[in-house]
Amino acid sequence: MQVETTTDAAGRPCTVSVVSHGQGKLVERLLADLATMSAPSIEEVLVTRNLPNDPVRLPKDPPFAVRFIDNPAPRGFAANHNAAFAVCASPWFAVLNPDLRLREDPFGPLLAAAQPNAALLCPLVLESDGREADAARELPTPHRLTRRVLERMGIRPASSLETGSTPEWFAGMFMLLRSHALSSLGGFDERYFMYCEDVDLCARLRLADWQLQQVRGVSVVHDAQRASRRSLRHLLWHLASLARLWVSPAYSRYRALLGAERRAAAAHRMARS
């Protein structure tokens, strides 16, 4: 682990974790955005280089500390972010994809809107063309997965969360996590090498009586890579992670919790009508 640069940023609320899989140019753009937009909120950025020979040039005089973590062998999403979280000293820990772009500071407004019981804060995620990205989702089930595949094939019209409904989990492209809550759960589950770590974490947070909060007045842009649609290896990782998720105790307990919440909400609506 190598400290690249330091600055007097102690006491700022956020540590940011970014993992590069040979994506040095994307990381450079994101660091420049963070330095321009979000410097007052960031104490340190931890850049994990998961592959060798992945140069990353820092912005000139970055206004926060930047630390590089160089892996001798590639690690999965959960293991990489857990290793970064192990050196986090901030009250909030942000997991960011390297292909995010910032048009405004998301951190200050997210923290200002944070509810006391919110362990996970997420902005509105947009595609590069301005459309809303598929970041706030329903719990994946075999039925819903089949529906999504048919939608992508154009066999049935695309569906989404109903307006005003509460997302059941948030994709891991941008997750601002309360450090105390993440620590209490032991971090991400490293048995997921890639994919579904975010679903599992959201489920375990909710089961521990924490809330997931989206602040739709704050936005970031995601230039989606969607490797699982192009790479057989990524597709197999995705399917293996779904299989692990569907047999996990956390998944079954969370699905039961969501069902109980839906029934209670329906009963409440009927009582008011």
*When only residues in the stretch 259-273 that are small (Gly, Ala, Ser) and modelled with pLDDT of 85 or more count, which is farthest from Leu207 (Cα to Cα)?*
Ala271
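Among Leu205, Leu201, which is within 14 Å of the chain's Cα centre (by Cα) and either over 28 Å from Arg131 (Cα atoms) or outside any helix (DSSP H, G or I) (or both)?
Leu205
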*Could you please give the count of residues in the stretch 217-258 that are over 15 Å from Pro140 (Cβ atoms), at pLDDT below 95 and of a type outside the set (A, V, I, L, M, F, W, C)?*
9
*In the stretch 193-204, what residues are modelled with pLDDT of 95 or more and more than 24 Å from Arg262 (Cβ to Cβ)?*
Glu197
_Which of the numbered conditions does Ala79 fail, given that it passes all the others? Conditions: (1) over 20 Å from Tyr195 (Cα atoms); (2) touching a residue at least 24 places away in the same chain (Cβ under 8 Å); (3) among the small types (Gly, Ala, Ser)._
(1)
*Is one or more of the residues making up the stretch 156-169 buried (at least 16 other Cβ atoms within 10 Å of the Cβ), out of contact with any Gly (no Cβ under 9 Å at 6 or more places or on another chain) and at pLDDT 95 or above?*
yes
*Return the pairs, sorted by first residue and then second, in which the second residue is of a type in the set (D, E, K, R), the first residue lies in the stretch 201-217 and is exposed (fewer than 15 other Cβ atoms within 10 Å of the Cβ), the beta carbons are less than 8 Å apart, and the residues are 6+ apart or on different chains.*
none
*Is there any pair linking a residue in the stretch 229-251 that is farther than 21 Å from Asp209 by Cα and part of a helix (DSSP H, G or I) to one that is small (Gly, Ala, Ser) and modelled with pLDDT under 90, with Cβ under 8 Å and at least six apart or on different chains, and which?*
His234/Ala227; His234/Ser228; Leu235/Ser228; Trp237/Ser228; His238/Ser228
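Being more than 19 Å from Leu177 (Cα to Cα), crowded, with 20+ Cβ neighbours inside 10 Å, at pLDDT 95 or above and under 18 Å from the mean Cα position of the chain (by Cα) narrows it down to one of Val27, Val45, so name that one. Walk me through how you get there before you give the answer.
Working: Val45 fails: more than 19 Å from Leu177 (Cα to Cα).
Within the list Val27, Val45, the selection yields Val27.
The values are calculated or read from the model by the stated rules, or taken from the named source; none is laboratory data. Just so it is clear, the model here is predicted, and its values are computed rather than measured. Every residue, glycine as well, gets a Cβ built from its backbone with ideal geometry; the counts of neighbours run over all protein chains shown.
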